[in-house]
C-alpha cells in the first residue's frame, strides 16, 4: 500500500471513526460490537481503496459498509428472536421490541455522539474506565495515547477498555442521554473526558503533527451541545469558555513548516477574536451564577488572562499564579503545581519557579512526564545554568512521542550547548 493512501486512510479514520461507532452503537445497542463493525469497515477500506482509489465521500463509504454489516447482525438477531418467540408463543412482543431495520438505519433520534459519550461515562464503570473508553470510542485515540494522557501504563488502559465494553454489554446499558439526577451524576466525568479529547487535539501526544484540530472541533461541539442541555450548570459553560479561548490560538500555535510556536512567542494578531469573545461571554455567565468556582471556571479564568493581554508582556502573571493556587487547593495535582511553578517564575522570577519544580522531582506521577524536565530546563536556562538545562531538554526530548515537540526540545538543547561553549 502506498504511503500517501495509508496516510489518507488514517486521516479519514481519525475524522470519521467516532461518528461511525456512535451511529452503529445506537443501531446494535452494544458499544463493543459497534467498534468491531467500524473496524471491519476499515479493514475493507484498507483492502479496496488502494486498488479502486479513494471514494468521493470516504466517511459515507465507511458508514455504508459498516451499516451493511450491522444490518446483517440485526437481521440475524431478529430472526433468532422470532424463533424464540414462536417457541414461546410471544411473537407479537418480540416484534414490538425489535424496531424496523430500515428505520434503525436512518431514524433521527438525536445526537448519537452525545448519547455515546454519556453511555461510556455510565456510573457502572470506574472513573478511569469511563474516560479511557470515551477517548477510545469518540476520540479515536490508541491505548498508548490514552495511557500518556493519564500518565499510566498502556496495559492498564487496555484492560480498562476491554472490561468497560464487556460490562456495558453484559449489563445491557442503553445508548442514551440520561435525565434528572442521573445526568448530574455523570456530568463531571463527561466534562473531564471532553477536555481530555480537546487536549489531545490541542497538543498531540504522538505523531508528526503538533495539533489535531479535528479533535478540538469535536470536543468543542460536544461541549456546546452539553451547555444547551444543561444551561444552569456553571462548570459546563466554564469548560466551553476554556476550550473556546484555547482554540482561538490555533492559527498562531503552528509555524509555516508545522513547527510548534509557544504561547509567549505567538503572533496574537492571529488569535481568533470571535472565539475569544465567545469564551469570555461563557466565562462571565458561569462567574455570575453565584456558585463557588469549580476547576474549569478557574482554568477558564487563567486562559482569559492570556486572552485579555494584547502583548505577552502585559500578561497578569500574579493573578495567574493566584488562580493556580486556588486550583491546587480545590483540585490538587502535581501537573497543576507544575503549571503554578511556571506562573510563579513569570511573576517572581525563574529562581522562585525552580524552587517549586525541584520539589516535584520525586513525584511518581511525573516520573515520565516530559513537561517536568522541559519546564526545569527552561528555568535553568534563564538563570544561566545552561549545561544542566541542556540535559533537561535532552531528557524531555526522549520522553515525548510527538516528533514536532521532540525537534523543538532538541533545538533548545542545542541552544544551551552553544551558550555553554561561548
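The values are calculated or read from the model by the stated rules, or taken from the named source; none is laboratory data. Keep in mind that this is a model prediction, so the values were computed, not measured. Cβ placement follows ideal geometry from the backbone for every residue including glycine, while neighbour counts extend to all protein chains displayed.
Here is a check on your reading of the model: is residue 9 under 21 Å from residue 222 (Cα atoms) and either surrounded by fewer than 15 Cβ atoms within 10 Å (Cβ to Cβ) or not assigned by TED's automatic domain parsing to the domain that holds residue 167 (or both)?
no
Scanning for something without any contact (Cβ under 8 Å) to a residue 12 or more places away in the chain and not in a loop (DSSP other than H, G, I, E, B), does the range 226-247 turn up at least one residue?
yes
Does any residue of the range 171-181 turn out to be touching a residue at least 12 places away in the same chain (Cβ under 8 Å) and part of a helix (DSSP H, G or I)?
Checking the range 171-181: not a single residue is touching a residue at least 12 places away in the same chain (Cβ under 8 Å) and part of a helix (DSSP H, G or I).
Output yes when any residue across the range 371-383 is at pLDDT 95 or above, surrounded by fewer than 15 Cβ atoms within 10 Å (Cβ to Cβ), assigned to a helix (DSSP H, G or I) and not assigned by TED's automatic domain parsing to the domain that holds residue 152, and no when none is.
Applying the first criterion (at pLDDT 95 or above) to the range 371-383 yields 371-383.
Checking which are surrounded by fewer than 15 Cβ atoms within 10 Å (Cβ to Cβ) leaves us with none.
The answer is no; no qualifying residue exists.
Take residue 136 and tell me if it is touching a strand residue (DSSP E or B) at 6+ places or on another chain (Cβ under 8 Å) and either modelled with pLDDT under 90 or surrounded by 21 or more Cβ atoms within 10 Å (Cβ to Cβ) (or both). Don't jump to the end; show me each part of the working.
Numbers: touching a strand residue (DSSP E or B) at 6+ places or on another chain (Cβ under 8 Å): no; either modelled with pLDDT under 90 or surrounded by 21 or more Cβ atoms within 10 Å (Cβ to Cβ) (or both): yes.
Answer is no for this residue.
Only one of 390, 412, 395, 406 is assigned to a helix (DSSP H, G or I), without any contact (Cβ under 8 Å) to a residue 40 or more places away in the chain and closer than 14 Å to residue 205 by Cβ; which? Reasoning before the result, please.
Working: 390 fails: closer than 14 Å to residue 205 by Cβ; 412 fails: closer than 14 Å to residue 205 by Cβ; 395 fails: closer than 14 Å to residue 205 by Cβ.
Testing whether each residue is assigned to a helix (DSSP H, G or I), without any contact (Cβ under 8 Å) to a residue 40 or more places away in the chain and closer than 14 Å to residue 205 by Cβ leaves just 406.
Taking residue 4 as the residue in question, decide whether it is part of a helix (DSSP H, G or I) and either modelled with pLDDT of 85 or more or closer than 18 Å to residue 135 by Cβ (or both). Let's see the steps before the verdict.
Values: part of a helix (DSSP H, G or I): yes; either modelled with pLDDT of 85 or more or closer than 18 Å to residue 135 by Cβ (or both): no.
Spelling it out, it is not the case that residue 4 is part of a helix (DSSP H, G or I) and either modelled with pLDDT of 85 or more or closer than 18 Å to residue 135 by Cβ (or both).
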